[in-house]
Amino acid sequence: MSTNSGLRTGDAVVVTGAAQGIGKAIALDLAARGARLALWDIDAAQCAATAAACRGKVDVVHSGVDVSDREQVKAAFGAAEKAFGSIYGLVSNAGIFPRAGILESTPEMWRRVLGVNLLGTVFCAQAVCPGMISAKRGAIVNIASGRALQGTPRGAHYAASKAGIVSFTKSLALEMATHGIRANCIIPGVTETAQPLADSTLEELQALGKRIIPLGRIGQPEDLTGAVAFLLSDAAGFMTGQSIAVNGGAIMIP
Ligand SMILES: NC(=O)c1ccc[n+]([C@@H]2O[C@H](COP(=O)([O-])OP(=O)(O)OC[C@H]3O[C@@H](n4cnc5c(N)ncnc54)[C@H](O)[C@@H]3O)[C@@H](O)[C@H]2O)c1
């Protein structure tokens, strides 16, 4: 099987890390496209706020979920399946990036970053795939990072977790292809959210954008939404195991 039918109005999509930033922008965009939504985030209150912003356009359920906890993921998936019957799409976006050099980073930090970013992505895929296999259709979009390809100082755990996501997505795509399920990655560049702003001022990020990004600016969360919608759609029906960089051209050396 080489293609599956893409996102249709009323299809249900899980978005993790939906409380703020890129995940919130993705949720709002998918709501505008008519998807029903299951929104998950460890920050239950802010996730409820995103759900309220989407509701009115579409049906939405939301859960406070730590994606690194497989039981919590299973429970949230059960609630989503009960609400919507079946789940067509998954956008695994939840992620953390605590800064620490390799020599300072503790085993706990490594376990937490790999647990949330990589295992969280694995657990969400494990939750949604059985239903997608039964339905013989589904699309998964995992949010990686340019650091997966380039490495980063003060974030080896993060870069390794994101490289793991790129690699996991290829294996997932291979295992699921015959079931009509596609899995791809988005590779964002520097995007104006709480994550890079924990380590740099907005002015520093904007100066970086002008200096090294060919399109002359850092990204906004809304810059990512079109590529996610594309990968969920029938237009990407012959794409699986791939990574799309959405970064203003930053992957190229100017
Ligand atoms: N902003 C960037 O420059 C950038 C660049 C490359 C990749 N990314 C990736 O994009 C994704 C979204 O990040 P963002 O920039 O919007 O950052 P953000 O910090 O604004 O949002 C991350 C969201 O994930 C949630 N989250 C954290 N741990 C969780 C857990 N254990 N379980 C469930 N939810 C959890 C947070 O509560 C938050 O709502 C992340 O995977 C991040 O690594 C961001």
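Read-outs: derived from the displayed coordinates by stated rules, not from any lab. What you are looking at is a predicted structure, and each value in this text was computed from that prediction instead of being measured. When we count neighbours, we look across all protein chains shown, and the Cβ atoms used for this are built from the backbone with ideal geometry, even at glycine.
Points to keep in mind about this one:
- Simple spin-label estimate for ILE251 and PHE238 gives 2.0 nm between the two label positions (7 Å along the Cα-to-Cβ direction from each Cα).
- Think of it as helices only: each DSSP H run of n ≥ 4 in the chain is worth -39500 (n - 2.57), and spread over all residues that comes to -13000 deg cm²/dmol at 222 nm.
- Förster radius 45 Å - calculated FRET efficiency between ALA198 and ILE133, Cβ distance, rounded to 0.05: 0.70
- Sparse-neighbourhood loop sites, GluC sites (Glu not before Pro) in region 63-116 - DSSP loop, at most 12 other Cβ within 10 angstrom: GLU104
- Measuring r between the beta carbons of ARG70 and GLU108 and using R0 = 22 Å, the FRET efficiency lands at 0.70.
- Of LYS57/LYS210; LYS136/LYS170; LYS82/LYS162; LYS57/LYS170; LYS74/LYS162, pairs whose Cα-Cα distance is over 27 Å: LYS57/LYS210; LYS82/LYS162; LYS57/LYS170
- Gain upon complete extension [ALA52, ARG154; 0.36 nm per residue less C-alpha separation]: 33.1 nm
- Two tests apply to each whole DSSP H helix in the chain, Cα reach of 27 Å or more along its axis and mean Kyte-Doolittle hydropathy of at least 1.0, and none passes both.
- Taking the number of Cβ atoms within 10 Å of each Cβ as an exposure proxy, the fewest-first ranking of PHE230, PHE238 is PHE238, PHE230.
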